[in-house]
Amino acid sequence: MKNKMVQDAISLNELTRIVKVNKSTLIYYNKLGLISPEAVVGRMYIFNKDKTLKRLSEIKKMAAEGKELEEIFKILGNME
């Protein structure tokens, strides 16, 4: 089980490179509850790779459609 978590884990810095979104934007999304790390180790955020990439794809799609973050949050809800 632990190996699965490590295999599925991705850091905040890796996420920024993959999704091409500024680190401060992802931190803001975290504060809003749009994305949520599985763990925080010191100052390092660890996310579930598949779940978070899917969620960010949904957020980017809705934002491209002109939806505000508040509306996106209402649609997607809090990520837990």
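Each reported figure results from applying straightforward, stated rules to the coordinates on display, with no laboratory input. As the structure is a prediction and not an experimental result, all values here were calculated from the model. Note that we place each Cβ from the backbone using ideal geometry, even for glycine, and neighbour counts take in every protein chain shown.
Quick notes on this structure:
- Across Thr25, Thr16, Thr52, mean-square fluctuation computed from a Gaussian network of the chain (C-alpha pairs under 10 Å connected) peaks at Thr25.
- Among residues other than Glu65 with Cβ under 15 Å from its Cβ, the summed charge is 0 (Lys and Arg +1, Asp and Glu -1).
- Calculated over region 2-76: convex hull of Cα atoms, volume per residue (Å³): 87 Å³
- Dipole in debye (nearest 20) - the chain, about Cα centre, beta carbon charges: Lys, Arg +1; Asp, Glu -1: 280 debye
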